[in-house]
Structures are given as C-alpha cells and as structure tokens.
Amino acid sequence: MMILRALLLASAASVCLSIDMAMAADAQKAGMPQFDLTRFPSQIFWLGVAFVVLYLIMSKVALPRIGAVLEARANRIGSDLDRASALTAEADQTRAAYEKTLGESRAKAQDVGRSTEAALAKESAERQAVLGNELAGRIRDAEARIAAAKSAAMANLAGVAADTASLAVERVAGVKVDPAEAADAARVALARA
C-alpha cells in the first residue's frame, strides 16, 4: 500500500515536472500562461487532478489519523470524567461516613459528659451530706459544751457574785455578811437579769 502511494506520488511529480517544463518554454514565448485562454482547459484539468490527489491523500491518510487521535482523546476524556465522577461519589460517601462517625462520637462524648457530671454531682451531694452530718454533729457537741460551760459559769457566777458582794459590803460598810445570805441575794439578782 505504501509502495503504491509512493509510485503514485512519483509519477504525479514527474508528470507535473514535464508539464511545468513545457509550460515554461511556452511562457517565454507568450507571457503569463494563466491568462492564455488556449491553456485554460489544461489548467482546469491539472487543478482537478491535484484536487483529487490531495483529496485522496487527505481522506485516506491524514483525516483517519486525525479522527483516530480525536476519538482516542475523546475516549480518554470520557474515561477521565467517569473516573472523576466515581472518585467524587466515593469522596462523598467517605465524607458522609466521616460526618456520621463524628456525630456519633459527639453524641457519645455528650453522654459520657452527662453521666460523668451526674456521677460527680451525686458524689458531691453524698460528700456534702456526710460533711453536713459531721458538721451538724460537731455543732451539737459544741452547743452542748457551750451550754455546759454556760451552766457551769452561771453556777460559778452565783458563787462569785456572792463572794464579790460580801467582800464589797464588808469593805464599804464594814459589816460582815453571812455567805448563805450573800448566795441567796446573788441568785435573786441573777434571776432578775
């Protein structure tokens, strides 16, 4: 096939060369051959031959190669678009799974936070109750000690007041007072106060 094309091209070139030489010889005699009406039919003939040869070369060799390249390119672009579409769908699925997992993790974290908060609140309430009971016991003990100290002080106060009153009367008035009388007077005075 290639040999046939080469022979066809070589013969066409030799015919064209011989015609060109003949025309060159004639052109020297008459002027420009394009304007010579006697040569017009041969020019039309060679124009048709050149057109047919170029048409055949283009239709049988160049255009199929260009078409094959364009088709391969279109196929590659189509496969690349299909692959990109598949990767996009896969990325969307992965993103959806990630967001779902993230949402579940957040929900679990909130549940753990709530349960931890509830456990800490319960533990804190228990500690506060224990501490409150302990403090209430201490307060009761302190109040009992204070009441005992107060009653002891009050009991001693009557004796101290009786001693102080008898000493004061003895120093001021110079009269000696009976301790029993002084104690009775101090109890009456303390009861009024």
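Within the range 144-188, which residues are at negative phi and outside any helix (DSSP H, G or I)?
Passing the criteria: Ala173, Val175, Lys176, Val177, Asp178.
Starting from the range 101-121, keep only residues that are on the phi < 0 side of the Ramachandran plot, then list their pairs with residues that are in a helix (DSSP H, G or I) and of a type in the set (A, V, I, L, M) whose Cβ atoms are within a distance under 7 Å, requiring at least 6 positions of separation or different chains.
Short answer, once both residue conditions are applied: none.
Can you name the residue in the range 158-175 that is surrounded by 15 or more Cβ atoms within 10 Å (Cβ to Cβ) and of a type in the set (A, V, I, L, M) and is also farthest from Ala185 (Cα to Cα) among such residues? Please lay out each step first, then the result.
Here is the first cut: in the range 158-175, the residues surrounded by 15 or more Cβ atoms within 10 Å (Cβ to Cβ) are 158, 161-162, 165-166, 169.
Narrowing the set further to residues that are of a type in the set (A, V, I, L, M) leaves 158, 161-162, 165, 169.
Numbers: Ala158: 9, Ala161: 9, Ala162: 7, Ala165: 9, Val169: 12 Å.
Here the residue is Val169.
Report yes if some residue within the range 34-41 is among the β-branched types (Val, Ile, Thr) and over 60 Å from the mean Cα position of the chain (by Cα); otherwise report no.
Start the filter on the range 34-41 by keeping residues that are among the β-branched types (Val, Ile, Thr), which leaves 38.
Subset that is over 60 Å from the mean Cα position of the chain (by Cα): 38.
For the range 34-41, residues among the β-branched types (Val, Ile, Thr) and over 60 Å from the mean Cα position of the chain (by Cα): present.
Does the range 102-109 contain at least one residue that is modelled with pLDDT under 90, part of a helix (DSSP H, G or I) and not polar (S, T, N, Q)? Quick ask: steps written out before the conclusion?
Let us first name the residues in the range 102-109 that are modelled with pLDDT under 90, namely none.
Within the range 102-109, none of the residues are modelled with pLDDT under 90, part of a helix (DSSP H, G or I) and not polar (S, T, N, Q).
The values are calculated or read from the model by the stated rules, or taken from the named source; none is laboratory data. These numbers come from a predicted model, not from an experiment. So basically every Cβ, Gly included, is an ideal-geometry build from the backbone, and we count neighbours across all protein chains shown.
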